[in-house]
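Structure first, then comments.
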Amino acid sequence: MIPDKAAIRQAVQAAHADHANDTGGANASYIPYLASVDPALFGVCVVTADGEVFEAGDARFEFALESISKVFSMALAMQDVGLPEFHDKVGADPTGEPFNSVIALALHGDKPLSPLVNAGAMSTVSLIPAASPEERWAKILNMQSAFAGRRISLSDDVNNSEQSTNFHNRAIAWLLYSGGTMYSDPMEACEVYTRQCSTLVTTADLATMGATVAARGRNPVSGEQVFDPSLVPPILAEMTMEGLYTASGDWAYKVGLPGKSGVGGGILAIMPGTLAIAAFSPPLDPAGNSVKAQKAVAQVASALNLNIY
Ligand code: DON
């Protein structure tokens, strides 16, 4: 059931006001563009499963989607490849290691375990049926846009910054290829994966994208049925297991909502059937999750008594 709208408005405003002056964390620096974003930016937004939007702060500032993109490409691959094959090839388990871990691959016979870590996300991209990398990229961008209910665009600044520094991911892509868990040309998959991370969204977009999952695959703002409702449980299961990387268990324990973070500073959490909460603040903790966005999302969830468990 969707909580009282006045209570949602109050929760969003309070979460923003209460954490606006919090300190701690640091912008991601391994991607030069991200290091240059104003660390004081802070937005909070809720979109309900019936399409109402509640926002506070810099909720209309565009930032890099980064790893949150993994959720939308995962939905696309689940739909186009089929759940049994997708699950078999990519997996649904936490790795227990950082999001760009090579060790996790070595420990598990080069199986990525999760589509929400870099290895699994590149494997996922390679699985999306397409005749060319451009067609695969177009499908991914269309999917992000359908989730957001508006045309999402690539940032050339973010993309150039990432493509010229993504050597670690290229190494992972070759490891996947040598292990038989990369299903297209590895450098093409890495290039398309890097683009999917380099699109720009606002906190309001992010909440709408999450609300599309909360509303059983139907974007509640645009009205478009974006994906099959049968994919909601596996999407949420994957987010629960690995959405916040090594902090996923603590997040499930303390917040109780499937979530996903990105090194751009975005965090998304979903209460199925009800609403999505998004927040954005660039400084990250050591696990790669936004310090302030985690607090803001947790506060909104708690104020509205939302917890799937
Ligand atoms: O591949 C990378 O490292 C980045 N493009 C995305 C990583 C990321 O967002 C991890 N999330 N917290």
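What follows draws every value from the coordinates through simple rules; no lab data is involved. Note that this is a predicted model, so its numbers are computed, not measured. Methodologically, a virtual Cβ is constructed for each residue, glycine included, from the backbone with ideal geometry; neighbour enumeration extends over all protein chains shown.
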Find how many whole Å separate the alpha carbon centroid of the range 80-115 from the alpha carbon centroid of the range 226-277. 17 Å
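Over the residues of the range 170-238, compute the C-alpha Rg and express it relative to 2.2 N^0.38 Å.
Cα Rg divided by the expected 2.2 N^0.38 Å: 1.45.
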Over the range 249-306, equivalent-ellipsoid semi-axes from the Cα gyration tensor in Å: 18, 11, 10
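What does the highest-first list of 196-202, 266-272, 10-16, 83-89 look like by mean Cβ count within 10 Å?
266-272, 196-202, 10-16, 83-89
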Of 189, 199, 209, which is farthest towards the positive pole of the chain's charge dipole, taken about the Cα centre with +1 and -1 on the beta-carbons of Lys, Arg and Asp, Glu respectively? 209
Using only the alpha carbons of the range 68-197, determine the length spanned along each of the three principal axes and report them from longest to shortest in whole angstroms. 40, 34, 27
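For the chain, what is the calculated [θ] at 222 nm in deg cm²/dmol (nearest 500), taking -39500 (n - 2.57) for each run of four or more DSSP H residues and dividing by its residue count? Mind showing how you got there, number by number?
On the way: 14 runs with 146 residues, N = 309.
Taking each H run of at least 4 residues, the total per residue is -14000 deg cm²/dmol.
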Take the Cα radius of gyration of the chain and divide it by 2.2 N^0.38 Å, with N its residue count; two decimals is plenty. 0.90
Cα-based Debye curve of the range 164-295 sampled at q = 0.14, 0.17, 0.19 Å⁻¹ gives log₁₀ I(q)/I(0) of -0.74, -1.03, -1.17
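Using a simple charge model, +1 on the beta-carbon of Lys and Arg, -1 on the beta-carbon of Asp and Glu, nothing else, what dipole does the chain show about its Cα centre, in debye to the nearest 20?
On the way: 18 positive and 31 negative charges, 83 e Å.
Around 400 debye, computed over the chain.
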Debye calculation, C-alpha points only, no solvent: report log10 I(q)/I(0) for the range 1-145 at q = 0.11, 0.17, 0.18, 0.19 Å⁻¹, in the same order as the q values. -0.62, -1.12, -1.14, -1.16
